[in-house]
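Below is one structure, written out as structure tokens; comments come after it.
The values are calculated or read from the model by the stated rules, or taken from the named source; none is laboratory data. Predicted model, so just to flag it, every value in this text is computed and none were measured. Positions of Cβ are backbone-derived with ideal geometry, glycine not excepted, and every protein chain shown enters the neighbour counts.
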Amino acid sequence: MIETLVVPLVKIAVLLVGILTAVAYLVLLERKVQAWVQVRLGPMRVGPHGLLQPVADVIKLIIKEDITPARADRWVYTLAPIIVLVPALVVFAVIPFGPETNVFGIRMPLHVADINVGLLYIVSIASLGIYGTILGGWASNSKYPLLASLRASAQLVSYEVAVTMTLVSMILMAGSLSMVEIVESQQARGLWFVFAQPLAFFIYFVGGLAETNRAPFDLPEAEQELTGGFHTEYSGIRFALFFLAEYANMIVIAAVATTLFFGGWLRPFPSVAALGLLDIVPGWIWFLLKTFVLLYVFLWVRATLPRYRYDQLMRLGWKVLIPLAIANVIVTAIAVVVL
Amino acid sequence: MLDAYVPILIFILVAIGFAIALLWFAWAVSPSKFNRVKLEPYECGIEPLTDARDRYSIRYYLVAMLFVIFDIETVFLYPWAVIMDELLLFGLVEMMVFLGILIVGYAYAWRKGALEWA
């Protein structure tokens, strides 16, 4: 009873609080990084250096009036943000934040569940969120959100193919779909997979930018064309749920990239014994560090690159990334057989 | 075997509960003063004359169909990739045949212009 119910509940509670805090401060970090790139200061008023800005934002979003437009489909309009948010949170269940660790005297793995189809679970659950996006755009019964949700879905499915194809080469390397075993296989080889599969990482990262609608692929939210994206009609708390899910998805992409390509909880150069001193730092700190470095790259890319045009976006997805991904799978398969 | 999925089930229930609780709490504390103009769909200040759900480009359907085909073929590769280190040459040859058929189909779609957006 305690093992099957209480322990997971405690882990889920800790994880949920962690995700919410991370999302709140990721938004602040994004505003700060954008500001620094543009030689501004960013939020400075609320708390020292704007550190309490996320708290103010959350309070504002909760006490704001939540409008349902007159022509909207009431039920679907309310359901859409929930459909977007739930998968974005549930994906975190299989992400291993660290090796077995002593937590208050009990040996405990730092993940909610280790299922043997972990990677497949992530791929399938993460793409469920698109239902919420398209239902939200449709239910608004407004032109801009509808166009944006169509764009978002077409974009997501285009890059989904390249990303799932790329992950095949990672499975070939690890010989397993379990997230824990993928990290352990990197430990056994003493090698972060990014060094063996740089192309796969590149495809995964570009696909990740596109799937989370981040710049330079932020066409579903192109303010100059669509005013706000699929959530133009949303306000108050239901907008907050979309917002939360969007940033949670970014964290998922970065955390999965950390697990697959950057050795998860392993320290840098896991095979070099001379760096054994680094083992003092617990695994989960390495994990969070790597995840946030990757998230910083997301923000950096947004501040640097201009937006793609829609036909360029589709061409990149279908005509560049997919052939590259297929070629990468074939080369990896041959390498597995030969070596 | 299925025990590993119990925490995930709990997580799904907690996540749904969290989302609903948040909505309920916000609705309890936020104001609601409605008027007709406020509830109109956003259209840069112009009153919408027609329903927004108009016909849209056929290309979206095409992309969706291509996605279904390619994504299912990719999912077939997953179990193969897991046991590749046991199948070795046999697995390699067999999957090259499968990928060959996939690539022919891909090249056909490319030639027919199905991958063009403009």
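Structure notes:
- Output for the range A:83-111, where each listed residue is in contact with a helix residue (DSSP H, G or I) (Cβ under 7 Å, 6 or more places away or on another chain) and part of a loop (DSSP other than H, G, I, E, B): A:95, A:96, A:97, A:98, A:99, A:110, A:111
- Filtering A:87, A:109, A:145, A:99 for residues that are more than 7 Å from chain B (Cβ to nearest Cβ), under 26 Å from residue B:81 (Cβ atoms) and in contact with an Asp or Glu (Cβ under 7 Å, 6 or more places away or on another chain) leaves a single hit, A:109.
- Of the residues making up the range B:89-101, those that are surrounded by fewer than 17 Cβ atoms within 10 Å (Cβ to Cβ) and either touching a residue at least 60 places away in the same chain (Cβ under 8 Å) or within 9 Å of chain A (Cβ to nearest Cβ) (or both) are B:89, B:96.
- Considering A:68, A:101, A:78, the condition of being in contact with a strand residue (DSSP E or B) (Cβ under 8 Å, 6 or more places away or on another chain) and over 16 Å from residue A:251 (Cβ atoms) is satisfied by A:101 alone.
- Every condition in (1) more than 7 Å from every other protein chain (Cβ to nearest Cβ); (2) assigned to a helix (DSSP H, G or I); (3) under 18 Å from residue A:154 (Cβ atoms); (4) without any contact (Cβ under 8 Å) to a residue 12 or more places away in the chain holds for residue B:86 except the one numbered (3).
- Boolean, residue A:241 is in contact with a helix residue (DSSP H, G or I) (Cβ under 8 Å, 6 or more places away or on another chain), closer than 23 Å to residue A:170 by Cα and crowded, with 18+ Cβ neighbours inside 10 Å: no
- Of A:58, A:23, all but one fail to be modelled with pLDDT of 90 or more and either within 14 Å of chain B (Cβ to nearest Cβ) or not in a helix (DSSP H, G or I) (or both); the exception is A:23.
- Flag for residue A:303 being at the interface with chain B (Cβ under 10 Å from one of its Cβ atoms) and of a type in the set (Gly, Ala, Ser): no
- Candidate set: the range A:302-339, residues that are part of a loop (DSSP other than H, G, I, E, B) and of a type outside the set (A, V, I, L, M, F, W, C); chosen: the one surrounded by the fewest Cβ atoms within 10 Å (Cβ to Cβ): A:306
- Residue pairs meeting the criteria (Cβ under 7 Å; at least 6 apart or on separate chains; first among the aromatic types (Phe, Trp, Tyr), in the range A:213-225; second at pLDDT 80 or above and assigned to a loop (DSSP other than H, G, I, E, B)): A:217/A:308
- Among the candidates B:59, B:55, B:111, B:36, the residue that is in contact (Cβ under 8 Å) with a residue 24 or more places away in the chain, more than 20 Å from residue A:165 (Cβ to Cβ) and more than 7 Å from every other protein chain (Cβ to nearest Cβ) is uniquely B:59.
- The residue that is farthest from residue A:32 (Cα to Cα), counting only those in the range A:61-82 that are within 9 Å of another protein chain (Cβ to nearest Cβ) and in a helix (DSSP H, G or I), is A:78.
- Pair list, Cβ < 6 Å and 6+ apart or interchain, from the range A:261-289 residues that are assigned to a helix (DSSP H, G or I) to residues that are among the charged types (D, E, K, R): A:278/A:267; A:286/A:267
- Filter result for residue B:41 (more than 7 Å from chain A (Cβ to nearest Cβ), surrounded by 12 or more Cβ atoms within 10 Å (Cβ to Cβ) and part of a loop (DSSP other than H, G, I, E, B)): no
Let's see how each residue does on (1) in contact with a helix residue (DSSP H, G or I) (Cβ under 6 Å, 6 or more places away or on another chain); (2) hydroxyl-bearing (Ser, Thr, Tyr); (3) touching a residue at least 40 places away in the same chain (Cβ under 8 Å):
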site: A:115; (1), (2), (3): yes, no, yes
site: A:121; (1), (2), (3): yes, yes, no
site: A:138; (1), (2), (3): no, no, yes
site: A:166; (1), (2), (3): yes, yes, yes
site: A:184; (1), (2), (3): no, no, no
site: A:198; (1), (2), (3): no, no, no
site: A:204; (1), (2), (3): yes, yes, yes
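- Single match in A:297, A:320, A:293 (criterion: over 26 Å from residue A:247 (Cα atoms), modelled with pLDDT of 90 or more and within 23 Å of the chain's Cα centre (by Cα)): A:320
- Residues located in the range A:316-339, provided they are at the interface with chain B (Cβ under 7 Å from one of its Cβ atoms) and either among the hydroxyl-bearing types (Ser, Thr, Tyr) or over 16 Å from residue B:94 (Cα atoms) (or both): A:318, A:319
- Boolean, residue A:299 is in contact (Cβ under 8 Å) with a residue 60 or more places away in the chain, of a type outside the set (D, E, K, R), farther than 21 Å from residue A:130 by Cα and crowded, with 22+ Cβ neighbours inside 10 Å: no
- When residue B:71 is tested against (1) more than 7 Å from chain A (Cβ to nearest Cβ); (2) of a type in the set (Asp, Glu); (3) in a helix (DSSP H, G or I); (4) free of Cβ contacts under 8 Å to residues at least 24 places away in the same chain, only condition (1) is not met.
- Some residue of the range B:12-21 being more than 7 Å from chain A (Cβ to nearest Cβ) and either surrounded by 14 or more Cβ atoms within 10 Å (Cβ to Cβ) or of a type in the set (D, E, K, R) (or both): no
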